[in-house]
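The values are calculated or read from the model by the stated rules, or taken from the named source; none is laboratory data. Computed from a predicted model, the values in this text were never measured in an experiment. Each accessible area value is taken on the protein alone, full model and side chains, heavy atoms only, with ligands, DNA and RNA left out. Shrake-Rupley method; radii C 1.70, N 1.55, O 1.52, S 1.80 Å.
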Amino acid sequence: MAGIQHEQRVIGESNRISAVDVSGITSPVVTSKNYDHQDKNPHQKPGWRTFLSFVGPGFLVSLAYLDPGNLETDLQAGANHRYELLWVILIGLIFALVIQSLAANLGVSTGKHLSELCKAEYPTSVKLCLWLLAEVAVIAADIPEVIGTAFALNILFKIPVWVGVLFTGFSTLLLLGLQKYGVRKLELVIAILVFVMAGCFFGEMSYVTPPAADVLKGMFIPKLSGHGATGDAIALLGALVMPHNLFLHSALVLSRKIPNSVRGVNDACRYFLIESGIALFVAFLINVSIIAVSGTVCSAENLSTDDLDRCSDLSLDSASFLLKNVLGKSSSTLYAIALLASGQSSTITGTYAGQFIMQGFLDLKMRKWLRNLITRCIAITPSLIVSIIGGSSGAGRLIIIASMILSFELPFALIPLLKFSSTTTKMGPYKNSRIIIIFSWVLGLGIIGINIYYLSTSFVDWLIHSNLPKVANVFIGILVFPVMAMYVISVLYLMFRKDVVVTFVEPNLSAQVNIESGQELRNLPYREDLADIPLPE
């Protein structure tokens with residue numbers, strides 16, 4: 001017990017189980033054998049009211065599955081392969097539900113978010129590498145959102161894309177600065193505008209009537225045929241399952257007041273699972289509708305020459321023609337408004353993720369406006385450079401590259417999450433069941449294996465068919481192959497390294513009994529440093 005108390009002092013005092021003031025209480029410590037008792041609370045709210053108090057984190061996280069990066073990859077997947085890649089969306093969002101729930105459970109059960117646990121567990125060099133990779137993931141996730149917003153401003157006001165990128169950075173900082181003045185209502189308006197885009201595609205889908213048999217076949221029969229199908233599938237997966245979302249979700253749940261009891265933790269995990277399931281099901285339907293509309297319109301036999309050219313190189317700034325059957329002449333305006341709302345709401349979540357990553361890994365104590373400014377500047381820099389040099393076409397290609405970067409970054413957030421949530425050193429009695437461990441690791445290793453296979457085969461294929469001189473090919477190979485080997489070794493290190501730092505602290509029995517009887521319900525433990533996150537209550 002002394003070792004655990006020492007570990008608590010080293011790591012900090014924000015652990016969920018140790019967050020209650022138990023000074024003066026000398027009752028025996030609860031062991032894992034005592035966790036099967038009934039902890040009934042006569043003062044507990046009705047189930048639906050309790051559930052509503054937990055609504056927010058899952059829906060805020062789900063905005064990342066409806067951002068401009070997803071829209072771009074969905075449009076191209078539908079235009080290039082019709083409904084063939086719908087199974088990637090299904091598997092991706094099922095996997096997203098599993099890992100987002102694991103991230104929420106990790107935060108609820110430990111009182112710390114993923115980046116804080118990584119800081120506590122890994123050596124300094126590994127911790128810094130994971131932090132840098134997490135920051136790269138935030139930048140890669142933010143690129144489609146920034147460029148999507150810039151495209152929307154270009155459609156609405158005809159301003160250059162690079163000017164729109166600058167405006168996006170300032171506007172996001174402004175929205176974040178309005179937290180204390182009712183930004184919850186503002187985010188609600190943004191969410192409504194995002195669902196306007198969903199309504200547009202649902203309406204268009206009912207007009208173009210994609211064949212149900214083909215849609216179901218594409219959803220449940222995995223298939224990769226045609227030129228570029230593997231690359232488009234990985235881009236879809238990278239746009240769906242984002243590493244920064246794992247850091248974000250594990251932190252957002254800590255803003256909720258959760259009873260410091262076994263039943264309180266279990267109920268919170270269940271509520272967050274239900275909320276995430278509802279939010280991700282809505283995201284799944286929207287993604288399917290976008291692919292179905294794009295695939296149906298672009299495969300029609302009576303396409304005009306202009307529309308055929310647009311379908312062959314579909315991008316965010318040229319996709320409004322897909323909605324003209326429903327919206328007519330106003331299609332471009334409403335499409336741009338919906339794209340603007342999607343980009344702005346997603347950039348807010350990306351900025352939050354950057355804050356949590358910086359705070360967790362580095363424990364930086366700085367003013368929030370300064371931290372927001374640093375995060376924004378880092379995120380918009382690559383988008384600004386590419387949009388100035390390459391214009392709209394270069395910015396569009398950057399979105400696909402960013403999605404693939406996210407897919408390759410995923411193991412460095414996913415593997416720590418899978419390991420931490422499956423060990424008693426971090427979760428105590430709340431660790432994953434054997435079925436969840438097997439299921440999540442099979443899916444995770446499958447995605448990691450696909451990424452490594454695609455990375456190696458694509459590079460080798462490019463090297464073989466490259467027009468560069470042989471000397472240049474040899475030089476590139478000498479540089480790249482060690483990096484690929486280091487990537488594989490790093491993944492294996494994270495997988496097989498044994499977790500040694502104990503962060504779970506057993507609750508004091510008397511304090512827990514008081515909470516379960518309702519005596520401490522007015523002073524429930526929560527993370528005060530995360531309590532000002534603008535989430536619905």
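For region 85-171, what does the convex hull of the Cα positions come to per residue, in cubic angstrom? If you can, show how the numbers build up before the last one.
On the way: hull volume 14.2 nm³, N = 87.
Spelled out: Cα convex hull of region 85-171, divided by residues, is 164 Å³.
Counting only Cα, what are the radius of gyration and maximum Cα-Cα distance Dmax of region 200-349, in Å?
Cα only, region 200-349: 19.4, 65 Å (Rg, Dmax).
Hey, any idea what the orientation-averaged projected area of the convex hull of region 368-510's Cα atoms comes to, in nm²? Don't skip to the end; give the middle numbers.
Working: hull surface 56.6 nm².
Averaged projected hull area, Cα only: 14.1 nm².
Specify the inter-centroid distance of region 74-148 and region 452-491, based on alpha-carbon positions, in whole Å.
A separation of 25 Å, based on Cα centres.
Keeping every protein chain in place, order His249, His227 by accessible area at 1.4 Å, biggest value first, i.e. largest first.
Greatest to least solvent exposure: His227, His249.
Assuming a ≥ b ≥ c are the square roots of the Cα gyration tensor eigenvalues, decide whether region 253-302 counts as rounded (a/c under 1.5), prolate (otherwise, with a/b larger than b/c) or oblate. Don't skip to the answer; put the middle values down first.
Working: a/c = 9.62, a/b = 5.19, b/c = 1.85.
It comes out prolate by the Cα gyration axes.
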